[in-house]
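Accompanying notes for the structure given below.
Coordinate-derived values only; no laboratory data. The model shown is predicted, which means the values in this text are computed figures rather than measured ones. Quick reminder, even Gly has a Cβ in these numbers, built from the backbone with ideal geometry, and neighbours come from all protein chains shown.
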Amino acid sequence: MTGIATDDTAMPTGASVVIVGGGATGLSAGWWLARAGVDVLVIDKGIVAWEASGRNGGGCTHGFSPLFAEEQRLWPQMDELLGYPTEFSAGRIRIAMDPVQWADAHRMVQNGERYGFRTETLDPAQLRELVPLAGEAHGAYWHHFGGHANPHRTVQGYAWAMQDHGGRVLQHTTVLGFEVSGGRVTGVETDRGRLGCDHLVLAAGPQTGKLAAMLGVRVPVVAARAEMIVTEPLPLMPVGGADGNGLYGRQTMRGNLAYGGGPHEWLDDCADNEGMGVPPRSSTPLMGNIAAHLVEMFPRARHARILRSWAGVIENTPDGRPVIDRLDDPANVVVATLSSIGFGLSPASGHAVQELVTDGVCRFADLSTLRLSRFDGLEDDWIAQRGWQASPSRSLANPPAG
Amino acid sequence: MTPRVIDPRSTANAKLTVTEHTDVLVVGAGPAGLAAAIAAAAHGMSVVLVDENPIPPETMGDDVPLHFGQRMSGAVRNRTAMTEAMLASEPALADAMEAGVDIRLGTIVWGLYANGPSVGWLPGKVAGLSDGETSWMLGFTAAIVATGRRDMGLAFPGWELPGVMGATAAERLATRYGALDARRAVILGSSAEALLAAVAVCRAGVQVTAVVEQAAAPIGPAALLDELAAAGVPILTRHVIVSAEGGTDGVTGAALMRLDEDGGRIAASATTMECDTIVLGIGAVPVIELLDAIGCRSVFSPARGGHVPVTDASQMTSLPGIYAVGDCAGVWAVKSTGRAVAEAEGRRAAAHVAQAAQPAHGLDEAPAEPLVDLSAYRLAWVRSAVVDAMPAPGGAEAHVCQCEEVTAREILEVRPPRYLGWPQPLRNSADLSALLGNGPPNADQVKRLTRAGMGLCQGRRCREQVAALLALGAGVGLGEVPLATFRAPVRPLALGLAGSLPESPEMAEHWDVWFGIPGQVATPWELKAAQQP
């Protein structure tokens, strides 16, 4: 079954670069390639910017990543570069409610210092002024770097900006297999026909492992579901990028509190249900636990009403770090999984993928810690060893519509 | 074999505190829900029947869960009087008590949950309840959802004024609460549900100035039309509302125009009818929030009044143990004009839960083929009252989404919200046509980009209108535009109330901001140092 065509655009027959996956990483890569003048086509089994890429916390502060410097360089320019609003807002405040959280928060201070970024320690009066919803905290840091953005708006912005540069998007298109010839991928077989390509990028989030397996390559990832909540709008705080107490999130530019954290649920092979009519968007009563942690940190928000809760499905590699790598065989394939931390790094990860495609190497960052080969000796039961199996109580009692 | 390893930060280590358990949870104490509860109790099952009425006046003021339009009288502040009014207006409540049903009034069900394709940690099927003081989880074997219907909104200029309200809300206030604060009303739409609201408000002493219908002929049952004619209520066909006149104190009049045979406005025909209330009766919509949020499959069914859960002959949805009865399973004229069809649905569900024989069919319990094309009818209302208003005074500024202040043009052009101050026009042409690409327009996608439907009323006033605008924009029928999804909590729920759910010690001990995988937050220099011999 395919989507209903509502325009007269002919079905493409291929592109110089075909990217499988219309999330933050794939669309950013498509945008970077298109603005470099490359003929690029992004395909997605559903609609773009739809899954975890569009429903995460929106944080842009990843001091542990080799892409951190590029992430920090790019975010302040993204509105202008894309031509669409990202709602990027600079700076982060990290609130600690106890000494353990305080010690943990200090790691980001050190990471920032290494790149020359400044962090202030806030006294209670300063915290109250900048984050009026906060109550008594053990301590708070104000990072004068990082920030947060609106995930859905940004990822849709990648898609639109890519189209403005001549790139194309093909939604509701499922990959069935790949055509390999002479050690290179020459075509992508889809349910809407064959797409020829000179290069292939796999950036399909939780599906990346399955797609790579079609090429005989193991990219070990396992999917998980994580939940968030959002409240009604509250008056804007001077710094909306405030989180802590085991939560990530932000006050949006509209004023809503959007936060997540706490238990995740490991899944196995059901992450593609959304494209098949069964939404894995289910949230659970964890909403209440997230709310309790938020009220502890923001006691003045206790009367703010939750309007929605939701879940997103993200993937992790065995060590939790991304794989951004160009394969040896087939030699024209780049694999990119950001291992559950993809949105904030997406301006930089897309740039890295573009360079791996066009130049064979990433010039602006050392990605040696993100190579796929680090998993060469991985045991077959790596998921069970880590306790990352799906619960046997999951029910598939709601089969997709026929 | 080595013992199974558990990730302590995952849901494998989470335990849900379930405060109470019942065989059957019934949500909604209307005719269908009451019949289901009484029948289930008669089959020997334990039954909890939850109903959110009497609704707190502050909640009514937010147009939750119905479009009350500030037309509730001061009487709604007296909770005891409202409870007494409810009991007096619904004798079956006393029957249910007599039958041993555990009735909880003034209580909301903000979510239903079950294990599913991506959830496996719940101890069984559970519901989230709140009475405004605290929240708790109730476990159940079967849930019979009887959440009724609400009203499709219509964003003509002035529709945000106090006095513009939904037909279901008007009927609720007039009959169930005896607390409708209106004197002269104009009714928009002529479906059975619109005419029933007209009759109900007439009986409550309100003068109905006119029933306004954009179509060439009224679409409701002849008996109701006759009753209104006998009461002297004129039916103005081929007319549309142009605007609601008035100010912050409320509506003072309804400006109307005649339509030509193609539905175009005849400017010379403009008239204003004096009124303090304008009742939206253009679409009675099944309330499927809880069912959609838990993942019951739904379809667009013109015979059943819009998007409804798929149900089998015993009213069971696509999820085992979850049933839909009454208006939330489908709204049609025969069901709306009496209690019998809704009650039969309730009893069928209860019998199926009890694995008892199905009650004999005494009446035609399925909807007939509709006499009007529901999609064309609702699209015609939105075209004539909203889209054709855009060039008229006040039309361009009318907010389809009142909470987030989003206009029809902003929805059709997928513009970023105004508070971002993004320069207009956009450098690029990123409008609905660029979104459509290779599939039907997606209301959730448009919602996230424009914010239409993301506000405090949780999209109850604009969801169907946004779908209609997208259908008009894409040139397709309503059935081809998936409705924006519903999510728990299906009522706005204060953080403090939601946070009263207990956290298990295991969860508290291992709570982590993200996955807690040590390598995930290791820096490149730490990783390199670890590799040194």
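Quotient of the Cα radius of gyration of chain A and 2.2 N^0.38 Å, N being its number of residues: 0.98. The modelled label-to-label distance for the pair residue B:310/residue B:248, using points 7 Å beyond Cα in the direction of Cβ, is 5.1 nm. Pairs exceeding a 23 Å alpha-carbon distance, out of B:15/B:447; A:210/B:125; A:45/B:447: B:15/B:447; A:210/B:125.
If R0 is taken as 45 Å, the Cβ-Cβ distance between residue A:81 and residue A:331 corresponds to a FRET efficiency of 0.90. For the stretch A:65-106, backbone nitrogen atoms closer than 19 Å to the point 7 Å from residue B:420 Cα along Cα-to-C-beta are found at A:74-91. Reducing the stretch B:36-114 and the stretch A:132-196 to their Cα centroids gives an inter-centroid distance of 46 Å.
The order of the peptides B:524-531, A:343-350, B:148-155, B:50-57 by mean Cβ neighbours within 10 Å, most packed first, is A:343-350, B:148-155, B:50-57, B:524-531. Pairs of C-alpha atoms in the stretch A:291-402 farther apart than 23 Å represent 55 percent of all such pairs. Here's the picture: a label point sits 7 Å out from the Cα of residue A:380 along the beta-carbon direction, and within the stretch A:316-331 the residues with their amide nitrogen under 20 Å of it are A:318. For the stretch B:153-282, the equivalent ellipsoid derived from the Cα gyration tensor has semi-axes of 21, 18, 11 Å, listed largest first. The radius of gyration of the Cα set in the protein assembly as shown, together with its Dmax, comes out at 28.2, 97 angstrom. Largest GNM mean-square fluctuation across A:260, A:377, A:46, computed for chain A with C-alpha springs under 10 Å, falls on A:377. For chain A, the relative contact order works out to 23 percent when only alpha carbon pairs closer than 8 Å and six or more residues apart are counted. Spin-label model, residue B:356 to residue A:13: label points 7 Å out along the Cα-to-beta-carbon direction sit 6.8 nm apart. Largest first, the extents of the alpha carbon coordinates of chain B on the three principal axes equal 90, 67, 43 Å. Principal-axis analysis of the Cα atoms of chain A puts helix A:346-358 at an angle of about 30° to the longest axis. Centre-to-centre separation between the Cα atoms of the stretch B:351-419 and those of the stretch A:226-270: 31 Å.
To the nearest 0.05, what FRET efficiency results for residue B:58 and residue B:227 with a Förster distance of 25 Å applied to their C-beta separation?
Once the sixth-power term is evaluated, E becomes 0.10.
In plain terms, the bigger the Kirkwood radius, the slower the diffusion; for the stretch A:11-126, with that radius from Cα pairs, at 20 °C and 1.002 mPa s, Stokes-Einstein puts D at 125 µm²/s. If you look at the Cα atoms of the stretch B:278-428, you get an Rg and a Dmax of 20.5, 66 Å. The packing ranking, built from the mean of other Cβ atoms within 10 Å per residue, places the peptides B:367-379, B:312-324 in the order B:312-324, B:367-379, highest first. Simple spin-label estimate for residue B:17 and residue A:165 gives 5.3 nm between the two label positions (7 Å along the Cα-to-Cβ direction from each Cα).
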